[in-house]
Amino acid sequence: MGILLDDSGSMFRDDAGQALDRWSAAKYSVEVFAAMLSADDSLKVFRTSDFANADSAAPAATVHGEMTLSERVAEIHSMPMIGGGTPITALQHAISDLTSSRADEKWLVVLSDGQFDGVPDNQVQQLLESFAALGGAQVNFLAIGDDAPAITASNGIYFDHAPTSASVLSVMTEFSNRIFGRSVLSTTNKASPDIDLDEIVVFAQGASVDIQELKLGDGTAKKPVSSVSVMWADNPNALYAGSPVPATPNTSLQGKLAVFTDVPAGPVTAEVVGANTVAMFYRPSISFGMEIRDQSGALVERDKVEGGNYTVEFGFMDGNCDFVESELFGNPEFSAELIQHPKDDAAGDGAFSQTFMSGEAINLVRGDASLEVRATFANGSSSSATTNFTVLRPGREVVCTSSEEVTFAASRITEYRAPDDALALTCQARGEDGSMVGFTAEEWDVVRSTDDAVSVRAVDAESDVQFRVSFGVPGEVFVLPTAPEGDKYALLTGEVPFDLSISYVYDEQVNQGAAPGVVEIIDDISWFDRFVDWFKKIGWLWLLALVAFIWILGYFVRPKFSRRIKQSPTITFKPKSRGKRVSILGKFEKDRLAALIPYRARTANLTYAQRGFAKMKLRAKRGQKIEIVNWHALAQRSNIRINGEVLD
């Protein structure tokens, strides 16, 4: 894109010498314009003042969409406006610069408040029309005030008039929407799009405005992926009638832009504070496309279109290539043109074209064809799609047959090789007279080299049997069943019906056919081999889990001591003769090392006397009983009685 920015003296002063802020409004609008660039866009800004004494000049500012929003705006903000005249060489140079560009789409934007020096409007019109006649070139001309050139809108030229400085921004916003493929979604902070949107740009103006987030209908919120503030700029004195005059800015020009991406359909609210005005612009998640369907309504691949009658449907498509409609499109206007170059047109002068609407029937003849569809929608935005393809001659039916029955053993399924072990089929094409014709070596080479020209699939969708296809002499196809991922033990056995399909393009002709077949796979794998395979794959895990379960179970089912036994139990002694009862604290110690062995009863030592007596070695028994393991040592002591008895 190129912007020719009129920064002549009339942008700073009127004929009476009164100060004007046109320059301030124009520069502010260019800042906003630069902020709205898409990632692949580039923009050069040329000032008319740079051509006062030269036929060419470098751009006063260059902005790329890959730059950040702040960088783009800063590049324009720092560009001064000089003043002076409005030489036609400025427009000529801007056009020449864009003409030399290799971009597919080129836009020239002109902002001017007066006529070009010494050049009548009709010559300016001719310059613009010559540029717009170039492929992909278009013009937006903004006339500011009453003295600007009166350009006539025509094919590729858009003309708008801003009677005052205050209306410059709104017209420039329309320009940017037209160029960048956006449209006005709302002039408030609320909207409810009925389709998914690639992008929403919120532009709010106010002295201390802030755009915080975009609330969605499901209660969630999106933060802006980028945002930037835009505002009026100071400017040095500018030349008016050869003399420097102060540049008076419009200090009310302040705003902020925020970009939100991947916005789903549904209500949205921009959370904006401190705004005097809010506008929301959108770019939908759609493209313009087309479908070619045969007389049965089936979708036809563009590389396999044969001569005959078809219908072409076109319109807006979502990311899944489904046609969509939306109120945001307004009342779109569609048009389509088909240009055909017949194959038999040796002289090359038999090309013809026709226009049609979506869903209308068209007749395609063998040869090259170009199909272009266009749409104009919303605020004048346009979209188009073009496809070039070759219309083939009607194809032949291919018939594949086999006279043999082949049986495969599951145990050897990975060992079979073609052609000796494979099911052989013979393929022939049906001629125009109905007779079967064999393949030539050249045609068969095309079949062999075409990806997926021949495919074989099991009829049962749940079958895990796969097939490998190979080729022999012309017309000979070999089919071998294979196990899923080479695992013969996972292979389903029995009769396996399959469908063979063949489709390829040869000599501008689509030849295709289908043939049913069946193979039998015998289950000759022994149960022992299957068990060994199962154990290697997963059985060992089950065994490991079982061992772990049995091991852990042992900790729960073994005899344990009652939890009521304290670690320091109170033990009362009664002397055999005279004396008082004495109580001391014993010590109950569980054997922690032995506790690691499952199913083994818990053991412990009980210290019941301070000295002179052996510890009791105890073992837990079921029923909350305790066995004294070392009772022999206790029985040797006559001074120890258990339950009032001396142990023998």
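The values are calculated or read from the model by the stated rules, or taken from the named source; none is laboratory data. Keep in mind the model is a prediction, meaning the values are calculated, not measured. Cβ atoms come from the backbone with ideal geometry, glycine included; neighbour counts cover every protein chain shown.
Of the residues screened, SER384 is one that is of a type in the set (S, T, N, Q), farther than 23 Å from ALA429 by Cα and touching a Lys or Arg at 6+ places or on another chain (Cβ under 6 Å). Does ASP15 satisfy the condition of being surrounded by fewer than 23 Cβ atoms within 10 Å (Cβ to Cβ), touching a Gly at 6+ places or on another chain (Cβ under 9 Å) and not in a helix (DSSP H, G or I)? For ASP15, the condition - surrounded by fewer than 23 Cβ atoms within 10 Å (Cβ to Cβ), touching a Gly at 6+ places or on another chain (Cβ under 9 Å) and not in a helix (DSSP H, G or I) - is not met.
Picking from residues in the stretch 100-120 that are surrounded by 14 or more Cβ atoms within 10 Å (Cβ to Cβ) and within 18 Å of GLY156 (Cβ to Cβ), the one that is farthest from the chain's Cα centre (by Cα) is VAL110.
Where strands (runs of 3 or more DSSP E) sit wholly within the stretch 313-377, those with at least 1 residues that are closer than 22 Å to ILE286 by Cβ and aliphatic (A, V, I, L, M) occupy 333-342, 367-377. Screening THR407 on (1) exposed (fewer than 15 other Cβ atoms within 10 Å of the Cβ); (2) in contact (Cβ under 8 Å) with a residue 60 or more places away in the chain; (3) more than 29 Å from GLU485 (Cα to Cα) shows it passes everything except condition (3).
Against the criterion of being surrounded by fewer than 13 Cβ atoms within 10 Å (Cβ to Cβ), out of contact with any strand residue (DSSP E or B) (no Cβ under 6 Å at 6 or more places or on another chain) and over 22 Å from ARG417 (Cα atoms), PHE528 qualifies.
Considering VAL278, VAL324, VAL305, VAL300, the condition of being among the aliphatic types (A, V, I, L, M) and assigned by TED's automatic domain parsing to the domain that holds VAL209 is satisfied by VAL278 alone. Checking GLY330, GLY348, GLY297 one by one, the residue that is modelled with pLDDT of 85 or more and on the phi > 0 side of the Ramachandran plot is GLY297 and no other.
Among residues of the stretch 62-85 that are free of Cβ contacts under 8 Å to residues at least 24 places away in the same chain, those with a beta-carbon under 8 Å from a residue that is among the hydroxyl-bearing types (Ser, Thr, Tyr) at least six positions away or on a different chain give the pairs THR62/SER42. Counting only residues that are in contact with a Phe, Trp or Tyr (Cβ under 9 Å, 6 or more places away or on another chain) and closer than 15 Å to ILE144 by Cβ, the stretch 7-24 holds 12 of them.
Picking from residues in the stretch 392-440 that are in a loop (DSSP other than H, G, I, E, B) and in contact with an Asp or Glu (Cβ under 7 Å, 6 or more places away or on another chain), the one that is farthest from PHE478 (Cα to Cα) is PRO394. Here is a check on your reading of the model: is SER384 of a type in the set (Ser, Thr, Tyr), within 30 Å of MET172 (Cβ to Cβ) and in contact with a strand residue (DSSP E or B) (Cβ under 7 Å, 6 or more places away or on another chain)? Against the criterion (of a type in the set (Ser, Thr, Tyr), within 30 Å of MET172 (Cβ to Cβ) and in contact with a strand residue (DSSP E or B) (Cβ under 7 Å, 6 or more places away or on another chain)), SER384 qualifies.
Looking at the stretch 142-231, the strands (runs of 3 or more DSSP E) lying wholly inside it that each contain 2 or more residues that are among the small types (Gly, Ala, Ser) and assigned by TED's automatic domain parsing to the domain that holds GLU129 sit at 183-186, 226-231. Considering only the stretch 190-213, I want to know if a residue exists there that is of a type in the set (Ser, Thr, Tyr) and closer than 28 Å to LEU5 by Cα. No, that holds for no residue. Condition first: farther than 25 Å from ALA429 by Cα and without any contact (Cβ under 8 Å) to a residue 60 or more places away in the chain. Can you find one or more residues in the stretch 510-524 that meet it? No, the stretch 510-524 contains no residue that is farther than 25 Å from ALA429 by Cα and without any contact (Cβ under 8 Å) to a residue 60 or more places away in the chain.
Whenever a residue of the stretch 209-223 is more than 10 Å from PRO267 (Cα to Cα), its partners that are basic (Lys, Arg) and surrounded by fewer than 16 Cβ atoms within 10 Å (Cβ to Cβ), lying with C-beta atoms within less than 7 angstrom and at least six residues away or across chains, give the pairs GLU213/LYS223. Only residues that are at pLDDT below 90 and outside any strand (DSSP E or B) were counted in the stretch 503-543, giving 3. So which residues in the stretch 544-565 are loosely packed, with under 11 Cβ neighbours inside 10 Å and either in the same structural domain as ASP591 (by TED's automatic domain parsing) or assigned to a loop (DSSP other than H, G, I, E, B) (or both), if there are any at all? If the condition is that a residue be loosely packed, with under 11 Cβ neighbours inside 10 Å and either in the same structural domain as ASP591 (by TED's automatic domain parsing) or assigned to a loop (DSSP other than H, G, I, E, B) (or both), then SER562, ARG563, ARG564 are the ones that fit. Residues of the stretch 184-207 being under 24 Å from the mean Cα position of the chain (by Cα), surrounded by 19 or more Cβ atoms within 10 Å (Cβ to Cβ) and either small (Gly, Ala, Ser) or under 29 Å from VAL110 (Cα atoms) (or both), which ones? If the condition is that a residue be under 24 Å from the mean Cα position of the chain (by Cα), surrounded by 19 or more Cβ atoms within 10 Å (Cβ to Cβ) and either small (Gly, Ala, Ser) or under 29 Å from VAL110 (Cα atoms) (or both), then LEU185, GLU199, ILE200, VAL201, VAL202 are the ones that fit. When the stretch 596-610 is filtered for residues that are at pLDDT below 90 and surrounded by 14 or more Cβ atoms within 10 Å (Cβ to Cβ), the ones remaining, listed by number, are LEU606, THR607, TYR608, ALA609. Of the residues SER10, SER24, SER42, the single one that is closer than 25 Å to THR89 by Cα and touching a Pro at 6+ places or on another chain (Cβ under 7 Å) is SER24.
Can we say LEU500 is touching a residue at least 60 places away in the same chain (Cβ under 8 Å) and either assigned to a loop (DSSP other than H, G, I, E, B) or under 42 Å from the mean Cα position of the chain (by Cα) (or both)? Spelling it out, LEU500 is indeed touching a residue at least 60 places away in the same chain (Cβ under 8 Å) and either assigned to a loop (DSSP other than H, G, I, E, B) or under 42 Å from the mean Cα position of the chain (by Cα) (or both). Would you mind stating whether VAL446 is under 19 Å from VAL399 (Cβ atoms) and modelled with pLDDT of 90 or more? So VAL446 passes the test.
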